[in-house]
Each structure stands twice: as C-alpha cells, then as structure tokens.
Amino acid sequence: MKQEYFEIGQIVNHFGIKGMVKVNPFAEDISIFESLNSILLEKESKLIPIEIEEVKYSKNQILLKIKGINTIEEAEKYRGCYLKIARKDAKKLPKDTYFIADLIGLTVYTDEQILLGKVDDIYNSGANDIYVVKDEKGKQILLPAIKEVIKEVNLEQEKIIVHLLKGLE
C-alpha cells in the first residue's frame, strides 16, 4: 500500500519573537519549502492544513513563518510536530528513483532467488544510498544502491532483486 503522505520535516523549536518555527528538514531538496504555500501539520494524530507565509534558512534548518502563529508561546505549542505533504504534491522523481517510504518493507531477493529479508532502513553514505536489509532473525546486510547491486525494484510485487558482489554476503 502506497503511503499517502510524506514527512518533510519536524518542528524542533521556536525562532525569534514573532512566532517563527525552526524545522529539521527530511527532504533531500530543502528548497521544497519555498514551492509550497501550504502543508499539513500533524498534531495529536490529526493532519491540520497550515499556510506558509515565509521561508528562511539557518545552517541546515528551515525557519518557517506559519499564518496565525505570531508569538513564542503559540509557536512552542507545535514543538515536536511533523510537517507532511500529500504524495500528489511531492516532486515527480526521475526514472529509477524511488521515495524511501515506498522501499521500506519491500522483500529483497538475490538474482539467484535467495531470500535476504526486507528493507528495514535506508541511509545516505555520501557516495550513495545504503539499503539496510534484515532477515527474520534480525541479521542485517548492507547493500549499496548502485546499478551493479540493485538489479530490479518492483513496487507492484513489493520486491527488489539484487546481485551480491564479492564481500557483500
């Protein structure tokens, strides 16, 4: 089942005295915040539509001015809340590129049809993404997301076919 909403950040603090909030962005391209007029704020398991009035940057964080939040006290109420967008509002991805949310949980097989486990996590090593695959016993294998290793991603069948290079077993 495809995830309907994507987390693009989390409010971690207030900023200044006019009700701005400081956000840790999860999106690879943080300029996404500039292209959005409104986003969804998740508070107590409810999605609340909010309007973005202003976007600024501070180091690797985003500073947002949200319509209706004008004081430190109001901003503080949203600390810890996640910011989300609907899948339909997400940027279209290039061919052979996938949303992490769509890959987590997929079953991973070798090109010799040996079951390795499921994608448990994905992180970036700098050079490329690394797929963390866990079997039912909790043993994990780390696979670099390079074309020599990742041979096929089939979202419909919820599986990934990989070729294990020497040293990856």
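Taken together, the values in this text are just the output of simple stated rules run on the coordinates, not laboratory data. Because the structure is a prediction, the values reported are computed rather than measured. Here Cβ is always computed from backbone atoms with ideal geometry, including for glycine, and neighbour counts include all displayed protein chains.
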Every residue in region 17-34 that is of a type outside the set (D, E, K, R) and not in a loop (DSSP other than H, G, I, E, B), please. 20, 21, 23, 24, 25, 32, 33
Looking across region 27-42 at residues that are surrounded by 15 or more Cβ atoms within 10 Å (Cβ to Cβ) and free of Cβ contacts under 8 Å to residues at least 40 places away in the same chain, the single one that is nearest to residue 93 (Cα to Cα) is 27
Taking region 70-110 and keeping residues of a type in the set (Gly, Ala, Ser) and loosely packed, with under 15 Cβ neighbours inside 10 Å leaves 80, 86, 105
For region 127-158: of the residues being surrounded by fewer than 16 Cβ atoms within 10 Å (Cβ to Cβ) and among the basic types (Lys, Arg), which is nearest to residue 112 (Cα to Cα)? 151
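Mind checking which residues of region 48-62 are within 20 Å of residue 90 (Cα to Cα) and either charged (D, E, K, R) or surrounded by 15 or more Cβ atoms within 10 Å (Cβ to Cβ) (or both)?
If the condition is that a residue be within 20 Å of residue 90 (Cα to Cα) and either charged (D, E, K, R) or surrounded by 15 or more Cβ atoms within 10 Å (Cβ to Cβ) (or both), then 50, 51, 52, 53, 54, 55, 61, 62 are the ones that fit.
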Search region 111-123 for residues being surrounded by 15 or more Cβ atoms within 10 Å (Cβ to Cβ) and β-branched (Val, Ile, Thr), and hand back the single one that is nearest to the chain's Cα centre (by Cα). 122
